[in-house]
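Okay, so here's the structure we're looking at.
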Amino acid sequence: MQLDIVVGFFVLGAVAQLLRSDLRLPEGLYKSCVIFLLLAIGLKGGVALSSSPIATLVPQSLAVVAFGALLPLLAFPILLYIGKWSRVDAAATAAHYGSVSVATYAVAVALLDSRGVDYEAYFPLFVALLEVPAIIVGILLAGAAAARGNAGHWGEIIREIFLNQGVLLLLGGIAIGAWAGERTASVMPFFGDLFHGILALFLLEMGRVAAERLPAIRKQGGFLLSFGVLMPLMGAAAAAGLATLLGLSPGGVVLLAVLGSSASYIAVPAAMAVALPQANASLSITLSLAITFPFNVLVAIPAYLALVQHWS
Amino acid sequence: MTKPQLFFGLAVGTLLAALGGTLSAAGITGSGLAATGVLVLLVNAAYWTLGQRRRPIPVESPPDRRLAQGAG
């Protein structure tokens with residue numbers, strides 16, 4: 001199993017933080033990296049979308065949305081009955097695991113590109129679609145009491161779901177790419193050629209942030225670690241099954257498995273802060289960022305690729 | 001840490017270690033999964049052991065107290 005070069009930057013960031021180095025990406029640069037990655041992924045997907053048949057995309061998209069709604073239902077009972085978490089905390093964290101991490105997706109794309117593995121280029125559409133259903137299911141799982149308390153916030157919740165930076169830039173990139181088609185070639189030297197370099201910078205900071213959050217898991221470390229590595233595998237197994245049913249290419253199976261495996265730490269926390277303010281946000285962000293993200297980047301993604309390549 | 005959490009952690013660790021070991025032995029993928037499984041097992045065992053040690057031990061058990069009162 002050979003890790004992609006960008007993963008080395010993640011490890012460097014984590015090691016620097018563990019050694020208490022003062023390494024830190026400037027806030028503005030980090031935010032610029034996020035904007036760049038979202039737009040680059042969206043543009044690439046949009047261009048592919050412009051030449052993809054709608055008849056194939058619609059059923060696939062519907063299946064992916066249904067899958068996104070199912071994932072929190074797998075996570076919720078484990079957190080509620082084994083973790084003994086409160087209903088609201090379990091629901092909020094389940095929503096994180098039903099949604100996706102664009103950074104994890106970017107790492108998987110970088111790995112597939114570097115190995116020359118083909119995949120359905122319209123996948124960014126699925127990334128955008130998978131952001132939404134888990135948030136709604138998470139709010140419903142939190143129960144009537146929590147929902148009643150936030151009844152007046154539904155407008156704000158919907159605004160947060162569809163207008164948060166992640167979804168807006170991703171959908172905006174897809175729309176521009178689909179509209180412009182081959183004309184995107186003029187911006188591709190920036191959004192295409194620099195993708196791996198910017199991703200490396202972004203992962204350097206992510207490694208630092210993930211390591212910074214490690215002390216926060218001390219109290220429930222055993223359960224958090226167990227859940228944080230089991231849930232990605234359950235999501236990936238379900239996603240791989242769905243991808244096979246949808247007839248996706250081997251690269252597509254890997255990418256859908258990665259989406260099922262990843263947990264959100266940008267879009268969902270923002271939506272949950274509005275929808276379920278009583279939930280312990282630190283717990284779910286730490287779990288997805290300090291355990292699941294490193295596990296996916298270092299162990300799971302290369303394993304999914306090796307497995308798919310072995311069986312295809 | 002509760003007993004169900006310990007059993008859950010041990011089950012997850014064993015599953016990962018077995019899965020990783022099998023895939024590694026078959027030459028499909030590296031030992032990352034197996035190593036994660038072992039880590040999960042060790043961390044859960046450590047949390048359980050530390051939790052047991054930290055549990056407060058009563059200074060006097062009820063029979064001891066009765067004995068003490070009898071002696072007074």
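The values are calculated or read from the model by the stated rules, or taken from the named source; none is laboratory data. These figures come from a predicted structure and were not determined experimentally. Positions of Cβ are backbone-derived with ideal geometry, glycine not excepted, and every protein chain shown enters the neighbour counts. Accessible surface is based on the protein model in full, side chains and every heavy atom, while ligands, DNA and RNA are left aside. Shrake-Rupley method; radii C 1.70, N 1.55, O 1.52, S 1.80 Å.
One table, with the values for the structure above:
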item	result
When residues of the stretch B:21-34 are limited to those that are in a helix (DSSP H, G or I) and facing chain A (nearest Cβ under 8 Å), the one farthest from residue A:77 (Cα to Cα)	B:23
Identity of the residue in the stretch A:61-77, buried (at least 23 other Cβ atoms within 10 Å of the Cβ) and among the small types (Gly, Ala, Ser), that ends up farthest from residue A:45 (Cα to Cα)	A:75
From A:253, A:274, residue being crowded, with 24+ Cβ neighbours inside 10 Å and either within 14 Å of another protein chain (Cβ to nearest Cβ) or assigned to a helix (DSSP H, G or I) (or both)	A:253
Residue in the stretch A:139-170 that is surrounded by the fewest Cβ atoms within 10 Å (Cβ to Cβ), counting only those that are β-branched (Val, Ile, Thr) and at pLDDT below 85	A:158
Residues being touching a residue at least 40 places away in the same chain (Cβ under 8 Å), open to solvent by 20 Å² or more (accessible area, probe 1.4 Å) and under 28 Å from residue A:61 (Cβ atoms) - total across the stretch A:286-312	4
Residue count, the stretch A:228-249 (criterion: surrounded by fewer than 18 Cβ atoms within 10 Å (Cβ to Cβ) and not polar (S, T, N, Q))	6
Considering residues of the stretch A:102-138 that are among the hydroxyl-bearing types (Ser, Thr, Tyr) and farther than 19 Å from residue A:46 by Cα only, the residue surrounded by the most Cβ atoms within 10 Å (Cβ to Cβ)	A:104
Yes/no for residue A:267 being open to solvent by less than 10 Å² (accessible area, probe 1.4 Å) and closer than 17 Å to residue B:20 by Cα	no
Residue within the stretch A:211-221 that is crowded, with 18+ Cβ neighbours inside 10 Å, of a type in the set (A, V, I, L, M) and away from chain B (no Cβ under 14 Å) present	yes
